[in-house]
1. Across the stretch B:29-45, which residue is farthest from the other protein chains (Cβ to nearest Cβ) among those that are assigned to a loop (DSSP other than H, G, I, E, B) and open to solvent by 10 Å² or more (accessible area, probe 1.4 Å)?
2. How many residues are within 17 Å of B:K14 (Cα to Cα) and assigned to a strand (DSSP E or B) if we restrict to the stretch B:60-87?
3. Taking the stretch A:45-79 as the search range and keeping residues that are assigned to a strand (DSSP E or B) and open to solvent by 70 Å² or more (accessible area, probe 1.4 Å), which one is nearest to B:A93 (Cα to Cα)?
4. Return yes or no: is B:R9 farther than 18 Å from A:A90 by Cα, open to solvent by 60 Å² or more (accessible area, probe 1.4 Å) and within 11 Å of chain A (Cβ to nearest Cβ)?
5. Among B:R81, B:R64, which is the only one that is open to solvent by 10 Å² or more (accessible area, probe 1.4 Å), at pLDDT 95 or above and on the phi > 0 side of the Ramachandran plot?
6. Sort out which residues of the stretch A:80-105 are surrounded by fewer than 24 Cβ atoms within 10 Å (Cβ to Cβ) and touching a Lys or Arg at 6+ places or on another chain (Cβ under 9 Å), and write them in order of number.
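The values are calculated or read from the model by the stated rules, or taken from the named source; none is laboratory data. It should be emphasised that the depicted structure is a prediction, and the values quoted were computed from it without experimental measurement. Cβ atoms come from the backbone with ideal geometry, glycine included; neighbour counts cover every protein chain shown. For accessibility, only protein heavy atoms count, side chains too; no ligands or nucleic acids. Shrake-Rupley method; radii C 1.70, N 1.55, O 1.52, S 1.80 Å.
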Amino acid sequence: SQQGEEDPQALSIQEGENATMNCSYKTSINNLQWYRQNSGRGLVHLILIRSNEREKHSGRLRVTLDTSKKSSSLLITASRAADTASYFCAPFERSGGSYIPTFGRGTSLIVHP
Amino acid sequence: GAGVSQSPRYKVAKRGQDVALRCDPISGHVSLFWYQQALGQGPEFLTYFQNEAQLDKSGLPSDRFFAERPEGSVSTLKIQRTQQEDSAVYLCASSLESGDEKLFFGSGTQLSVL
């Protein structure tokens, strides 16, 4: 089953604008990660936020986590055409004795030059 | 190797055939995950290994799916008597530790069942 659910499903913006994607999940987690996927390729790790953290930055990326609302957001500032890709959140949900990353359907981001 | 390697890159199978998909994780990575990604969807969890132990196989859709990692490095996902609904990209990912390390993904194997 897909645990993380991203919103919106699709986002189209102009270069230089900011892009915000949201993620909701259903159960308790120990961390949440965001990944990017270009068409036809494997996923690439972007950023990790632990369950005891509320905000994290990495370059043009800013991620927030609200465990009370079971939600996270990814902000990409000053977007570029090269940011065009699908973005997935992966909450690490406890399953038995392990933490398993589960992915949602993703947000398809198109940045127009 | 430098990254996670999956082979073959593409596989076409006739319905009813058995297929075997290989994953070579990054050397020294303890955790290994298999995912199935249908067109336009996100990756769906199939199974998880910690070294050679298969700790979670709750995502395997049927008993036609079988995975192994006998020596704690290379893993093979086997699908018996393939059906059209098995057509998807199969992704493998590895991580250094378990539980909260970032995943490194391979490029996947695209399986088409005719």
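1. Here the answer is B:H29.
2. Number satisfying all stated conditions: 3.
3. Applying the filter and picking the extreme gives A:R50.
4. When the stated conditions are applied, B:R9 passes them.
5. B:R81
6. A:R80, A:D83, A:A85, A:S86, A:Y87, A:E93, A:I100
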